[in-house]
Amino acid sequence: MAAVETRTIEEIEKSGQWWWWAEHKRSKRLDYLRKAVWKKGAKGSGYQPGVKVDLERAVLFTEAFKANEHDSLRMRYAKALANVFDNITIFIQDHAQIMGYLGSRPHTIVWHPEILFLLNEDLYNDRTVIPEPVDENLKLIRELCDYWNPQTTGAKVFNLVPPEEIVKLLTGVIGWGLPISRIGYATKQWDYMFRLGLEGIIAEIDERIKEAEDRIYNKVPDPEDLPYYEKLDVWKSMKVVLEAVIRWARRYSRLAKIIAENFETDPKRKEELLRIAEVCWKVPAKPPEHLHESLQFDHFIQIACRYEACEGAWPARPDYWHGPFYDKDVNQDKVLTHEEALDLTGEFLIRCYEVGWFWLMLARDTLQGITGTWVWTIGGVNEDGTDACNDMTDCLLEAARLVRVANPTFAFRYHPNVRMKTLREVFECIRQGLGYPSMRNDPILITNAMHWHKHPLREARRWVHQACMSPCPDTKLGCQPFRMANATIIAAKAIEYALFDGYDNVLQMQFGPHTGDASKFETFEELYQAWYTQVKWMMDTLVKLTNGGRYMAQFLDPRPLLSGLYERCVELGVDSSHPSERGNSWITFFAWMETGDSLAAVKKLVFDEKKYTMAQLIEALRNNWEGYEEMRMDFVRAPKWGNDDDYVDQIHVRCHRDVAKHSWEIKDPTGNPWPPLPENIAAYVTNATKVWALPNGRRLGDTLYDGGCSPGAGLDKKGPTAVLRSVAKIDHIGDVRATLLNQRLSPQQLAGEKGFHIWHSYIKTWAELGIDHVQFNMVDNETLKAAQREPEKYPELIVRIAGYSAHFVDLNKKTQDTIIARNVQELGV
Amino acid sequence: MVKCENCGYEGVKSDFRYLYNTTLDAETAYRECPQCYAWVVVNELEEERAEKQLQRENA
């Protein structure tokens, strides 16, 4: 390490080892906090050594849930959560300025036993995360499992659809898990919270409670008053838990004060602790007035919500909401220096990075290296259309380069009037190998949000990433209360089903509808229509259960805390899952681009050139191409997406358009459509063993294409412009809710000032072509291969997967291989 | 014939369970030795041609 310290910035740039640069550039505080953090993301699919499950949350929640069995389910949840906030062990880490931790110890991950019996049994069987004393804790976990399993939300959701459909959903082919609000993730309504503080919201709730009591207690209720019996319970449960959140924050305040006044010997730290005590007393009870307060408010709310639910994504627009406080403190009042703001911001990122809970192995596998897709939105425009970039945007980007966490990552809303200073900061992050920000085309996505869900222009301009990709306004009626994280299909299976009459060769069961013996298809159109029937069936099957889950969540799985943070819910006296917002549903299409490539290969080789028959193809596929390698290579060499070849591109476009058309025919509970959103996270690897051989030349086991509109790895042979031209043939407003494009760029080519100009030209072309997304890996193969050989030397090397970033060494070999296999694009000057 | 460098097991390509290749057009792919479960790198096309040739000769 000592030898590394002597290198110049230029030498480090050349080596691509930016983490060394960050270590020496960041403050001592940030360096300490970054190194002290426990990594909660899975390595492959197992948790990192030393990470243990936290049992306090589960015990406290269960204790109060049992003690209040005569209350409504909603109130029992509220009181159970309040008991957690009042009693869970809290601590303050050395040098920390931002408080709030998910778990009772720094190395713990919380467990929500009330959600899913499969999760509970996963924990019981995973001895690596059971804390000492293991035997005693296993006994406790068993008791909790036995108590909760029959009444978990998952068990209740099973009753919503026939058993045979549940079996299909559990395979993961349709639906990634079950539609449960406590697995959903939510955009928060910061304008409401920052305006009123929790005390202000409680005051509004009190007014509603009084109104309800006047209607149903102080007179004979009229028929229209009767719903107020339920509303009263909603409001009272909101109040119980909001008050508990204030008490929880103030426990930190008292702890900071106690340490300052009784134990701390360093006068500087003592002063800091007293300031922390003031901040935590004030927020989130009252509106924030300074940057430290706004960041602390934000973090308390995010953590509190994760005590209530496993929010697997973290929608946020931190520069927009914290920017005014940065500006006031740093630029106007000068009560904070930029360096101090940078410290707070860096810690804000670290505090997010350390959040984790015990999660299903399936989910860990699909999100290798991280605990959730925490994509924070930055940049973009204000409600009036002016550039929203501010000094907080730059501060966040600078902090990201210093702390180099893999989660959260940023997505940058690019528009033609973006300020150049910020764009350079964006480029620096990408160039320094973070793999983020991803670039989002703001004008396209604003129009997209208006097109699909009828958000008014000013609100559409307030859009925030719901998870990796989908834009949703964080406004009163735009806020989606939670995304049903299960709303996914493995789209490539529709091709498999079309070729095998709905039979699933991997699961060995009849899965989709019968669409005929494909070996007897005489025209391409027959195959296409069989595929369309299958994909529509997959969408319908998914939406049936998800709509049911969403609607029933207000009864089966209420969320009093989240509900109390939405103006809409407080005003109406409804749970957050009540479908009264404007809507923002979408179906994530995993493994989508195999569709067009497969159809094009069949069209060319079977129906146009007649080199093979359908019967021969079916036989080769049935054998997983084993014994048909020459034939397989013919199918691999057939026209492929990403080469600006209309033969294949127009088939892709047709598939997109037909699926988009069907998405208007299936409504979500708010009456809005279910548009497709193709992307993959790490599912392109985990689903490789769920998708049978396909006519694009893949075999069972081969990784799927990594993006939502990315070409197959290594199949884009004609350079970056051809990729963009292919991708631009999709209508990024009307065909998709969003779609994901992965590109690799050469770090050598993009070095220095010249590199910025080359990249900027590329981005301008990308934006003009109307493509909604692109993200970059800028780490060369030499570095990646070295990290495979000697992972201990590259612990901080970050790569972009598909929708999120992760430390390269936390990925399994197969996922690492797929990143190395992506073509490195050389950009024209 | 494919040979496992780890344990010396030798067999036809299909004896070795297919794992994956890094790109669809790659010449080589990873397979798994049925005896010791080590990963074996196989040139798919070459092996298949050789096996078919052998079958023809034996026929």
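The values are calculated or read from the model by the stated rules, or taken from the named source; none is laboratory data. Note that the structure is predicted; figures quoted are calculated from it, not measured. Neighbour counts are summed over all protein chains in view; Cβ atoms, including those assigned to glycine, are modelled from backbone coordinates with ideal geometry. Accessible surface is based on the protein model in full, side chains and every heavy atom, while ligands, DNA and RNA are left aside. Shrake-Rupley method; radii C 1.70, N 1.55, O 1.52, S 1.80 Å.
A few remarks follow.
- When you filter the trypsin sites (Lys or Arg not before Pro) in the stretch A:681-768 for DSSP loop state and at most 11 other Cβ atoms inside 10 Å of their Cβ, nothing is left.
- Dividing the summed helix terms, -39500 (n - 2.57) for each DSSP H run of n ≥ 4, by the number of residues in chain A produces a 222 nm estimate of -15000 deg cm²/dmol to the nearest 500.
- Shape category assigned to the stretch A:53-127 from the gyration tensor of Cα positions, a/c cut at 1.5: oblate
- Links that overshoot a 25 Å alpha carbon limit, given the list A:Lys421/A:Lys476; A:Lys168/A:Lys536; A:Lys236/A:Lys476; A:Lys79/A:Lys168; A:Lys25/A:Lys334: A:Lys421/A:Lys476; A:Lys79/A:Lys168
- Figure legend: label point modelled 7 angstrom from the Cα of A:Asp731 along Cα→Cβ; residues of the stretch A:660-678 with amide N under 15 Å from it are A:660-665, A:675-676.
- Taking label points 7 Å from Cα along the Cα-to-Cβ direction, A:Lys785 and A:His451 give a separation of 4.2 nm.
- Inter-probe distance in nm under a simple model that places probes 7 Å from Cα toward Cβ, at B:Gln53 and A:Glu10: 5.4 nm
- Legend: residue pairs A:Lys39/A:Lys270; A:Lys66/A:Lys139; A:Lys718/B:Lys3, Cα-Cα distance threshold 27 Å; pairs beyond threshold, A:Lys39/A:Lys270; A:Lys718/B:Lys3.
- Proximal aspartates and glutamates to A:Lys28, defined as alpha-carbon separation beneath 17 angstrom and excluding residues fewer than eight positions away on the same chain: A:Glu5, A:Asp94, A:Asp266, A:Glu272, A:Glu339, A:Glu340, A:Asp343, A:Glu347, A:Glu398
- Between amide H atoms placed 1.01 Å from N, distances below 5 Å from A:Ser577 occur with A:Arg559, all of them 5 or more places distant or on a separate chain.
- Placing R0 at 45 angstrom, the Cβ-Cβ distance between A:Asp645 and A:His24 gives a FRET efficiency of 0.40 after rounding to 0.05.
- For A:Arg744, distant residues with modelled amide H under 5 Å away: A:Asn777, A:Gln825
- Of all accessible heavy-atom area on the protein assembly as shown, the percent that carbon and sulfur account for (1.4 Å): 52 percent
- Straightening the chain between A:Arg654 and A:Tyr229 buys 147.9 nm, computed as 0.36 nm per residue apart minus the Cα-Cα spacing.
- Looking at chain A alone, DSSP beta bridges between its own residues are antiparallel in about 35 percent of cases.
- Shape of the stretch A:324-396, Cα gyration tensor, a/c cut at 1.5: oblate
- Treating r as the C-beta distance of A:Asp214 and A:Thr670 and R0 as 30 Å, the FRET efficiency rounds to 0.45.
- Virtual spin-label span in nm between A:Ala615 and A:Glu132, 7 Å along Cα→Cβ: 6.9 nm
- Those residues of the stretch A:13-50 whose amide nitrogen sits under 13 Å from the label point placed on A:His107, 7 Å along Cα→Cβ: A:37-40, A:48-50
- Greater than 28 Å apart at Cα, pairs in A:Lys35/A:Lys785; A:Lys239/A:Lys454; A:Lys40/A:Lys813; A:Lys210/A:Lys328; A:Lys640/A:Lys661; A:Lys493/A:Lys667: A:Lys239/A:Lys454; A:Lys210/A:Lys328
- In the full protein context, the stretch A:1-110 carries 43 Å² of accessible surface per residue, based on a 1.4 Å probe and ignoring ligands, DNA and RNA.
- For chain B, GluC sites (Glu not before Pro) meeting the loop criterion (DSSP other than H, G, I, E, B) and having at most 16 other Cβ atoms within 10 Å: B:Glu5, B:Glu27.
- Stretchable slack from A:Leu769 to A:Asp191, in nm (0.36 nm times residue separation minus alpha-carbon distance): 204.7 nm
- Rounded if a/c under 1.5, otherwise prolate or oblate - the stretch A:408-505, Cα gyration tensor axes: oblate
- Residues whose amide H falls under 5 Å from that of B:Val40, counting only those 5 or more places apart or on a different chain, are B:Arg31, B:Glu32, B:Cys33, with hydrogens built in the peptide plane.
- Solvent exposure of A:Thr613, expressed as accessible area, is near 70 Å², computed with a probe of 1.4 Å over the protein chains only.
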